[in-house]
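J.: First the structure, which I've put down as structure tokens, then a few questions once you've had a look.
All of the numbers you see were taken from the coordinates with simple rules; none came from a lab. What you see is a predicted model; the values in this text were computed from it and never measured. Every residue, glycine as well, gets a Cβ built from its backbone with ideal geometry; the counts of neighbours run over all protein chains shown.
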Amino acid sequence: MNHGGGIFARPRRQATMVTLGATFTALVTGCAGSSLDQPSGGKDDKGPVKVGLLVPLSGVYSPLGKDMKNGFQLYLKEHDGKLGGRKAEVVEADEGEGPQTGVPAATKLVQQDKVAAVTGVVNSAVALGVRDTFDEAKVPLIVSNAGADGITGANASQFIWRTSFNNTGVNAAMGPTVAKGVAGKPVYLLAADYAAGKEMIAGFKKTFTEAGGKVAGEQYTPFGKTQDFQPYLTAAERSGAAAVYAFYAGTEAVGFVKQYGQFGLSKKMPLYGPGFLTEGGVLTAQGAAAVGIKTSLHYSNQLDTPENKKFVDAYKAAFEGALPTVYSVQSYDAAATLDKALQSAEGASGEAISKALGGVGDIASPRGTWRFAPNHDPEQKYYLREVQQKGDAVVNTVVGELGK
Ligand code: PHB
């Protein structure tokens, strides 16, 4: 099993849960003819491997969770349902809308389901909330979205890896471009009021002001509860800002961008942000209201490369014509890193898998080739994207590169 010494330091109630979890697994194992046993031997042990997929199946970020499920499933479909040559048993758990749901779901995967590793996590607050669960249990977590800086920064764990981005990086990439775009005029900043929103705006503000940009004002809107953005949009307009920089994702991004268009602001104050603002199903729902928005992201399904075209075609074929998103790619790549790590790991302990993750090298991804940096985040470039009308569809056209 993957539990290390840290588990013994836990309060008694949690220790009991571990014992119950072991009984539960043994029962399931009995019914299923031992198919859920964790492989325990060395490289040549080809028994099944149990992996947790922790994504929002409910709440404002549930569309993102769906994309992540699809990305992970597509990788498995293309690899005979195997990771590291072992049959993959995927256990899903609902992250929900925040740590109240996300932390117990992670705890269940680790303690009750006894997965060998977990991938997923959309929300930064959940990533921060589950950090100790994985670190103490010595179970690898491959974060395939949440950008919380602290997960790989000051409070890093050897068991936590990330195939997505960090909140500072994806926004810092955009600062100089926006500063140039507004040519000395001020910009208003808006974001969802939780860990990710704060870090994203801080990351942008740093490089934007360093490039000579001025801030007209900033506000944080209650996360998951704000449906009427009018007061914030009125404040932005009255501030005299020449543009707005905003972080919203999922269903919040749909409401925000539609209202921005309805209030006639798109022409007066161009809208910029990290790419989550106009990604995937969100963009389809925003429709024409999103045209002209410029964003920074490490992926667009419009990327004109053979690797991406192949991926887009395979994804469409697998999911009834749906287009992949950054969330699908991050999760597809999480499966790829886990596959490579399990191939080379000396056994399937959390320590062995984590060590092997450090040696997976280049990942040939639909976003372009990337690799883990020493801090466990991807070393990757960011694209400048602009929402354009293309026939009947609105798409994120890649109009430039923003560097690493
Ligand atoms: C986050 O909470 O880190 C987060 C959530 C949704 C996104 C991006 C980042 O689209």
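J.: Which of the residues spanning the stretch 373-388 are part of a strand (DSSP E or B), over 17 Å from Tyr272 (Cα atoms) and not charged (D, E, K, R)?
T.: Residue satisfying the conditions is Pro378 alone.
J.: Another question, then. Can you say whether Ala195 is touching a helix residue (DSSP H, G or I) at 6+ places or on another chain (Cβ under 6 Å) and crowded, with 20+ Cβ neighbours inside 10 Å, as far as the supplied structure shows?
T.: Yes.
J.: Among what's in the stretch 216-226 and is part of a strand (DSSP E or B) and within 16 Å of the ligand (Cβ to nearest atom), pick the residue that is surrounded by the most Cβ atoms within 10 Å (Cβ to Cβ).
T.: Checking each candidate, the answer is Thr221.
J.: Where residues in the stretch 257-275 are in contact with a Phe, Trp or Tyr (Cβ under 7 Å, 6 or more places away or on another chain) and within 13 Å of the ligand (Cβ to nearest atom), which of them is nearest to Gln302 (Cα to Cα)?
T.: Pro274
J.: So which of Ala314, Ala235, Ala289, Ala334 is more than 16 Å from the ligand (Cβ to nearest atom), closer than 29 Å to Leu141 by Cβ and of a type in the set (A, V, I, L, M)?
T.: Ala314 is the lone residue from the list that is more than 16 Å from the ligand (Cβ to nearest atom), closer than 29 Å to Leu141 by Cβ and of a type in the set (A, V, I, L, M).
J.: Hey, could you check the stretch 227-258 for residues that are within 23 Å of Val291 (Cα to Cα) and in a loop (DSSP other than H, G, I, E, B) and say which is farthest from the chain's Cα centre (by Cα)?
T.: Looking at residues that are within 23 Å of Val291 (Cα to Cα) and in a loop (DSSP other than H, G, I, E, B), I get Gly240.
J.: Do we find a residue being touching a Leu at 6+ places or on another chain (Cβ under 8 Å) and either within 12 Å of the ligand (Cβ to nearest atom) or in a loop (DSSP other than H, G, I, E, B) (or both) anywhere in the stretch 176-186?
T.: For the stretch 176-186, residues touching a Leu at 6+ places or on another chain (Cβ under 8 Å) and either within 12 Å of the ligand (Cβ to nearest atom) or in a loop (DSSP other than H, G, I, E, B) (or both): absent.
J.: Could I ask something else about it? Kindly indicate the residue of the stretch 114-133 that is small (Gly, Ala, Ser) and buried (at least 24 other Cβ atoms within 10 Å of the Cβ) and also nearest to the ligand (Cβ to nearest atom) among those meeting that condition.
T.: Ser124
J.: Within the stretch 268-278, does at least one residue satisfy the condition of being over 21 Å from Val55 (Cα atoms), crowded, with 24+ Cβ neighbours inside 10 Å and within 19 Å of the chain's Cα centre (by Cα)?
T.: Within the stretch 268-278, one or more residues are over 21 Å from Val55 (Cα atoms), crowded, with 24+ Cβ neighbours inside 10 Å and within 19 Å of the chain's Cα centre (by Cα).
J.: Which helices (runs of 4 or more DSSP H) sit wholly inside the stretch 57-171 and have at least 2 residues that are farther than 21 Å from Ser328 by Cβ, touching a residue at least 60 places away in the same chain (Cβ under 8 Å) and of a type in the set (Asp, Glu)?
T.: On the way: elements: 62-78, 99-107, 124-137.
Result: 124-137.
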